[in-house]
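Undergrad: Got a structure for you, written out below as structure tokens; questions coming shortly.
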Amino acid sequence: MILFAKRFKKERLKRKLTQEELANYFNTNKSNISKYENGNSFPGIKTIKKYADFFDVSIDYLLGRVDIPYYHKLPDEIKNLLQNEDFKYLKIASQLQKNNIPPKTAKMLLDLYKKIKSEIID
């Protein structure tokens, strides 16, 4: 729910809308928008779909299931690639490198990730 709140607010701010303007557009009140952004309330799925359509992002993005806002517009081949375990492994490796994790520590963490994933799958 916290990730939804952050992404919801981020999308509103990207469009330079106030809480009140967004609330008026959706025929609700400012306090509901504020509650969503503060993580104090969570809209129903039909309402989330309306917000996703308005912001032109995927529902999965708003809910934190994917990190790409326009995931819903990607071709299936790209979506499949992004779900591939090797790609996930490379993404983790890239993040470790960006965060200046020493190579030995990164390798240990990646090996641990692979081990845990294999035990879950087996």
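Undergrad: Once phi is turned into θ = phi - 60°, what whole-Hz ³J(HN,Hα) does the Karplus curve with 6.51, -1.76 and 1.60 give for every residue of the range 45-59, x standing for Gly and Pro?
TA: Karplus values, whole Hz, x for Gly and Pro: 4, 5, 5, 4, 4, 5, 5, 4, 5, 4, 7, 6, 10, 7, 4.
Undergrad: Follow-up question, since we're still on this one. Extending each Cα 7 Å along its Cβ direction at residue 94 and residue 13, get the distance between those two points in nm, one decimal.
TA: In this crude spin-label approximation the distance works out to 2.4 nm.
Undergrad: Anyone know which of 111, 76, 56 comes out most mobile in the 10 Å Cα GNM of the chain?
TA: Among 111, 76, 56, the largest mean-square fluctuation in the Gaussian network model of the chain belongs to 111.
Undergrad: To continue, here is another question. Kindly state, to the nearest 0.05, the FRET efficiency for residue 70 paired with residue 6, given R0 = 22 Å and r defined as their beta-carbon distance.
TA: With a Förster radius of 22 Å, E is 0.80.
Undergrad: Sticking with this one: Would you calculate the separation in nanometres between label points at residue 56 and residue 27, each defined as 7 Å from the Cα along the Cα-to-beta-carbon direction?
TA: Label-label distance for residue 56 and residue 27, simple model: 2.5 nm.
Undergrad: I need two numbers for the chain: Rg to one decimal and Dmax as a whole number, Cα atoms only, in Å.
TA: 18.3, 55
Undergrad: Using all Cα-Cα distances in the range 2-73, what percent lands in each 5 angstrom bin from 0 up to the longest?
TA: 3, 18, 30, 31, 13, 4, 0
Undergrad: For the peptides 11-19, 93-101, what is the packing order when you average, over each peptide's residues, the other Cβ atoms within 10 Å and list the highest mean first?
TA: The peptides rank, most packed first, as 11-19, 93-101.
Undergrad: Taking R0 as 25 Å, what FRET efficiency do you get between residue 84 and residue 107 from their Cβ-Cβ distance, rounded to the nearest 0.05?
TA: Calculated value: 0.75.
Undergrad: With +1 assigned to the C-beta of every Lys and Arg and -1 to the C-beta of every Asp and Glu, and no other charges, what is the dipole magnitude of the chain about the Cα centre in debye, to the nearest 20?
TA: For this selection, approximately 420 debye.
Undergrad: How large is the helix-only mean residue ellipticity at 222 nm for the chain, computed as the sum of -39500 (n - 2.57) over DSSP H runs with n ≥ 4, divided by its residue count, in deg cm²/dmol to the nearest 500?
TA: Value at 222 nm, helices only, nearest 500: -21000 deg cm²/dmol.
A short reminder: the numbers here are calculations on the coordinates, not readings from a lab. Please read these numbers as outputs of a predicted model, since none were measured by experiment. Methodologically, a virtual Cβ is constructed for each residue, glycine included, from the backbone with ideal geometry; neighbour enumeration extends over all protein chains shown.
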